[in-house]
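Below is one structure; the comments refer to it alone.
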């Protein structure tokens with residue numbers, strides 16, 4: 001390519017999606033910029049040399065050493081723990097992530113599993129495999145109380161979806177004074193949290209894994225939850241204490257669980273969680289969406305335009321590392 005690229009898209013894809021279509025979408029959104037796709041390691045090394053913006057799943061320190069003009073690395077993941085953050089900070093490079101692009105799918109998965117448990121659809125599926133034409137009792141979702149742990153993009157999206165149902169919602173966040181889209185908003189302090197758990201029918205976990213949330217749902221919390229409660233985790237496995245969950249399932253202390261994430265992960269094939277009919281498992285696929293690149297391209301293109309217009313880091317979306325953070 002004879003022109004110096006403004007944006008370089010690295011070769012590694014995610015969720016089975018190649019990155020060339022992502023580069024095409026960025027080019028459509030940035031007609032006044034040069035967007036280059038790097039299909040090989042050699043192309044990456046050559047193209048990043050003068051590019052102010054690079055985007056992809058990961059960037060290592062060797063590639064960083066070649067990216068002398070880099071101002072912004074736009075990670076194609078929501079998580080950034082795999083990136084050399086110290087090296088990026090030392091070079092004064094802004095890092096953004098893909099936070100929020102999976103929110104619709106993750107929220108739909110949470111809502112879908114609530115409805116599965118409410119109507120006991122999984123029991124119907126089990127009896128179809130027998131086959132067994134025999135009636136069973138179901139519940140109603142109407143009138144339930146849904147507690148949403150985390151009011152980020154996923155939690156807010158779920159709360160919006162639940163507005164179409166006749167349910168009460170409780171949101172849990174670090175700063176309750178900020179409010180939220182739920183009927184009530186509480187913090188993580190033990191007393192209000194347990195008061196909420198005691199009247200929860202569906203506990204939807206959609207928060208980051210932090211020191212506060214690691215092991216948040218353990219033996220004491222399962223003891224507080226009503227026996228008809230369902231625990232749904234689409235966040236990170238270690239937020240739920242697996243041994244405490246197993247004990248709650250074995251003793252019928254809760255109605256069931258729907259887990260898109262587990263601890264450990266991947267879940268070993270001989271793990272006892274596989275054996276329970278009232279534990280629904282998906283292999284960390286809740287966020288998969290065919291709109292991954294479309295939504296990420298919207299965020300990255302907006303940030304590229306903002307930088308080109310002289311905008312500050314505060315004007316950018318999804319910033320996880322700013323130069324002053326280093």
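Annotations
- So residue 249, is it more than 24 Å from the chain's Cα centre (by Cα), within 20 Å of residue 115 (Cβ to Cβ) and at pLDDT 95 or above: no
- Test: residue in region 178-187 that is within 24 Å of residue 98 (Cα to Cα) and crowded, with 16+ Cβ neighbours inside 10 Å: yes
- Restricted to helices (runs of 4 or more DSSP H) entirely inside region 111-229, those with at least 1 residues that are within 21 Å of residue 278 (Cα to Cα) and assigned by TED's automatic domain parsing to the domain that holds residue 249 are 121-128, 190-197, 219-224.
- Counting only strands (runs of 3 or more DSSP E) that sit wholly inside region 1-99, those with at least 3 residues that are buried (at least 17 other Cβ atoms within 10 Å of the Cβ) and in contact with a helix residue (DSSP H, G or I) (Cβ under 7 Å, 6 or more places away or on another chain) are 7-9, 35-37, 72-75, 94-96.
- Selection status of residue 255, over 24 Å from residue 93 (Cα atoms), surrounded by fewer than 15 Cβ atoms within 10 Å (Cβ to Cβ) and over 17 Å from the mean Cα position of the chain (by Cα): no
The values are calculated or read from the model by the stated rules, or taken from the named source; none is laboratory data. Just so we're clear, the structure is a prediction, and the values are computed from it rather than from any experiment. Every residue, glycine among them, receives a Cβ derived from its backbone with ideal geometry; neighbour counts consider all protein chains shown.
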